[in-house]
1. Within region 86-94, is there a residue that is assigned to a strand (DSSP E or B), touching a strand residue (DSSP E or B) at 6+ places or on another chain (Cβ under 7 Å) and modelled with pLDDT of 95 or more?
2. Looking at the structure I just gave you, is residue 87 crowded, with 17+ Cβ neighbours inside 10 Å, in contact with a helix residue (DSSP H, G or I) (Cβ under 8 Å, 6 or more places away or on another chain) and not aromatic (Phe, Trp, Tyr)?
3. Tell me the residue from 131, 127 that is of a type in the set (Ser, Thr, Tyr) and in contact with a strand residue (DSSP E or B) (Cβ under 7 Å, 6 or more places away or on another chain), please.
4. I'd like to know if region 56-78 contains one or more residues that are under 19 Å from residue 211 (Cβ atoms), surrounded by fewer than 20 Cβ atoms within 10 Å (Cβ to Cβ) and basic (Lys, Arg).
5. Taking region 1-20 on its own, how many of its residues are surrounded by fewer than 19 Cβ atoms within 10 Å (Cβ to Cβ) and among the hydrophobic types (A, V, I, L, M, F, W, C)?
6. Checking the condition over 18 Å from the mean Cα position of the chain (by Cα) and closer than 18 Å to residue 3 by Cα, which residue from 56, 72 passes?
7. Tell me yes or no: at least one residue of region 10-23 is of a type in the set (A, V, I, L, M, F, W, C), in contact with a helix residue (DSSP H, G or I) (Cβ under 7 Å, 6 or more places away or on another chain) and more than 22 Å from residue 174 (Cα to Cα).
8. So, residue 7, is that one within 28 Å of residue 125 (Cβ to Cβ) and modelled with pLDDT of 95 or more or not?
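The values are calculated or read from the model by the stated rules, or taken from the named source; none is laboratory data. What you see is a predicted model, and the numbers here were worked out from it, not measured in a lab. In this analysis, Cβ positions are derived from the backbone assuming ideal geometry, glycine residues included, and neighbour counts consider all displayed protein chains.
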Amino acid sequence: MRIYIVLLGPPGAGKGTQAQILAEKLKLVHVSSGDLFRENLKNKTELGRQAQFYVDRGELVPDDITIGMVRDRLLKEDCSNGAILDGFPRTPAQAEALTMLLVELGGRVVSVPFIYVPDEVLIERLTGRWTCRAQGHIYHQKNNPPKVAGICDLDGSELYQREDDKRETVMRRIQVYQDQTAPLIEYYRQQGLLIEVDGTIGIENVTDHLMKAIQGAH
């Protein structure tokens, strides 16, 4: 049976990092909805063209298009054992559609780890991030500062703060995430699949907790 893991967590919780580590440890593919959208839009696939229609109008892309992209990705050979889903589903309706799709593929969601981090820690993590102009190397003023303030260690270019790392934007992103995802977290909690993991205990410790929880779930 194919196994699928839905990884949840707010911006700055370290979800992308953990998804990559877990994918390697569990020999599963990391499927990021953001990457899927970018690939489909860039390659102008049929679904990508349909999505572009809504993106150009500043509207939400309908669920059937998003689910179509996920379906196409999960049908690929490298997903024959299952996958770690990151960024999808976002709503209970998408979660229901995912369940139906996975039945068709001969698999199911075995666990839904939710990496939780207090808002003030998320804000500190995200607003402390600085990016180098030349090649996008990332620094953090507290956790990974450059040797010389404002200058990239690797190529000497200027460090700047991206718009989406500024405090007002970060706070808005966290609020939007919480508003959108609260029903999904409750949906999976009621299904008995939600596993809550403290995201403040360090990358390796978070991975250990996630691995134990996932292995105990199937």
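1. no
2. yes
3. 131
4. Within region 56-78, not a single residue is under 19 Å from residue 211 (Cβ atoms), surrounded by fewer than 20 Cβ atoms within 10 Å (Cβ to Cβ) and basic (Lys, Arg).
5. So the answer is 1.
6. Of the residues listed, the single one that is over 18 Å from the mean Cα position of the chain (by Cα) and closer than 18 Å to residue 3 by Cα is 72.
7. yes
8. yes
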